[in-house]
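Scroll down for the structure; my scribbles are underneath it.
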Amino acid sequence: MSDPLADFLRHLGVEKNASVHTVKSYREDLNRAVEWFASRTGGTFAVDKVAPRQVRAYLAHLHEQGFARTTVARRLASLRSWLRWLCREGILKQNPAAGLRGPRQEKKLPHFLTAKDLLALLDSPDASESGVRDRAILETLYSAGLRVSECIGLEIADIDTDEGVLRVRGKGKRERLAMLGPPSLKALNEWLDVRRVWLSAAGKDTPAVFLNTRGTRLTTRSVGRLLEKYLKQTGLDPRTSPHTLRHSFATHLLDNGADIRSVQELLGHRNLTTTQVYTHVSTQRLHDAYRAAHPRAKSRKTA
């Protein structure tokens, strides 16, 4: 007999073209749910025996454990997706999670850097070979608005230095084109010269663009560590992560009059609602400026 969970995860990876990271996240969330349901039924689990009251009890359990709202919402969403699929496959007659609402999410505006702070960050790497690589990474993350996984996933064949264009593989293995401005293109070309030297010294050949000194592809953690180094060096906000450069890319584009549909395409967002959070950032800045500067927006002191 087939395993309904294994079949669902296979469906995600093969039919839905979900990334390895997405499938891993679903597997972890659903394994935890299955373990909890099994603990409530003497150590056994039968998906066709899951009732709405059990799903509600699982949601209550997650709240009682003190998980963040985002974690609770993600685990519930994973369970819902699996149960919906089981219904479509005819394994379940009714969805026990139908009508169940997750926690209301707090609206958090993304953290971003000002143009001045970004210039300080981009100028912080020195002229050493590692510094040349680090500058190219920071410039590419910001100029192209890449996720860090997209940046380290770049390969030589993805770069068109004549046109200043990158071919990027994003979430769900969807491809898009990303743009490089003259400073980032210059930084990238300088790094490609150094890269050839490093590969020759290591006696290796790899299609990866960004490498360590051993000639192997950088990891997301490596990029995080090099960013931490330059944040300390420049005294910038320590909350800044590689993804902050992507947030800054989108915010600066909208602040300077870019069309939101164009920003959506450049970011590789499937839904416009995902991109609209950046319009909230720009609107909030307008509100702050208005309240700070307009005489009728300032609070009056009572006599």
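For beta carbons closer than 8 Å, sequence separation of 6+ or different chains, a first residue in segment 37-55 that is without any contact (Cβ under 8 Å) to a residue 40 or more places away in the chain and among the hydrophobic types (A, V, I, L, M, F, W, C) and a second that is surrounded by 12 or more Cβ atoms within 10 Å (Cβ to Cβ) and in a helix (DSSP H, G or I), the qualifying pairs are Phe37/Gln54; Phe37/Tyr58; Phe45/Val34; Phe45/Phe37; Phe45/Ala38. Select from segment 98-119 the residues that are modelled with pLDDT of 90 or more, out of contact with any Asp or Glu (no Cβ under 8 Å at 6 or more places or on another chain) and surrounded by 15 or more Cβ atoms within 10 Å (Cβ to Cβ) and list them in ascending order. Answer for segment 98-119, where residues must be modelled with pLDDT of 90 or more, out of contact with any Asp or Glu (no Cβ under 8 Å at 6 or more places or on another chain) and surrounded by 15 or more Cβ atoms within 10 Å (Cβ to Cβ): Phe112, Leu118.
Mind checking whether some residue in segment 120-137 is under 28 Å from Thr22 (Cβ atoms) and either of a type in the set (D, E, K, R) or buried (at least 16 other Cβ atoms within 10 Å of the Cβ) (or both)? Write out each step before concluding.
At the first step, the residues of segment 120-137 found to be under 28 Å from Thr22 (Cβ atoms) are 137.
Still in the running and either of a type in the set (D, E, K, R) or buried (at least 16 other Cβ atoms within 10 Å of the Cβ) (or both): 137.
Yes; the residues of segment 120-137 include at least one that is under 28 Å from Thr22 (Cβ atoms) and either of a type in the set (D, E, K, R) or buried (at least 16 other Cβ atoms within 10 Å of the Cβ) (or both).
Of the residues making up segment 268-303, those that are in contact with a Ser or Thr (Cβ under 6 Å, 6 or more places away or on another chain) and either of a type in the set (D, E, K, R) or modelled with pLDDT of 75 or more (or both) are His269, Tyr278. For segment 164-176, the tally of residues that are of a type outside the set (Val, Ile, Thr), surrounded by 15 or more Cβ atoms within 10 Å (Cβ to Cβ) and either in contact with a strand residue (DSSP E or B) (Cβ under 8 Å, 6 or more places away or on another chain) or part of a strand (DSSP E or B) (or both) stands at 5.
Kindly check whether there is at least one residue in segment 137-148 that is free of Cβ contacts under 8 Å to residues at least 40 places away in the same chain and hydroxyl-bearing (Ser, Thr, Tyr). Give the steps one after another, and end with the answer.
The initial filter retains those residues of segment 137-148 that are free of Cβ contacts under 8 Å to residues at least 40 places away in the same chain, namely none.
Checked against the condition, which is being free of Cβ contacts under 8 Å to residues at least 40 places away in the same chain and hydroxyl-bearing (Ser, Thr, Tyr), segment 137-148 yields no hits at all.
What about Asp205, is it loosely packed, with under 11 Cβ neighbours inside 10 Å, part of a loop (DSSP other than H, G, I, E, B) and more than 21 Å from the chain's Cα centre (by Cα)? Yes; evaluated as a whole, the condition is true for this residue.
Is it true that Leu245 is at pLDDT 95 or above and either surrounded by 15 or more Cβ atoms within 10 Å (Cβ to Cβ) or in contact with a Phe, Trp or Tyr (Cβ under 6 Å, 6 or more places away or on another chain) (or both)? Against the criterion (at pLDDT 95 or above and either surrounded by 15 or more Cβ atoms within 10 Å (Cβ to Cβ) or in contact with a Phe, Trp or Tyr (Cβ under 6 Å, 6 or more places away or on another chain) (or both)), Leu245 qualifies.
Only residues that are over 22 Å from Thr71 (Cα atoms) and either charged (D, E, K, R) or crowded, with 17+ Cβ neighbours inside 10 Å (or both) were counted across segment 16-44, and they come to 1.
Criterion first (surrounded by 13 or more Cβ atoms within 10 Å (Cβ to Cβ), within 25 Å of the chain's Cα centre (by Cα), at pLDDT 90 or above and part of a helix (DSSP H, G or I)) does Val194 satisfy it? Steps first, answer last, please.
Numbers: surrounded by 13 or more Cβ atoms within 10 Å (Cβ to Cβ): yes; within 25 Å of the chain's Cα centre (by Cα): no; at pLDDT 90 or above: yes; part of a helix (DSSP H, G or I): yes.
Taking the combined requirement at face value, the residue does not satisfy it.
The values are calculated or read from the model by the stated rules, or taken from the named source; none is laboratory data. Model, not experiment: these values are computed from the prediction. Using ideal geometry, Cβ is built from the backbone for each residue, glycine included, and neighbour counts are taken over all protein chains shown.
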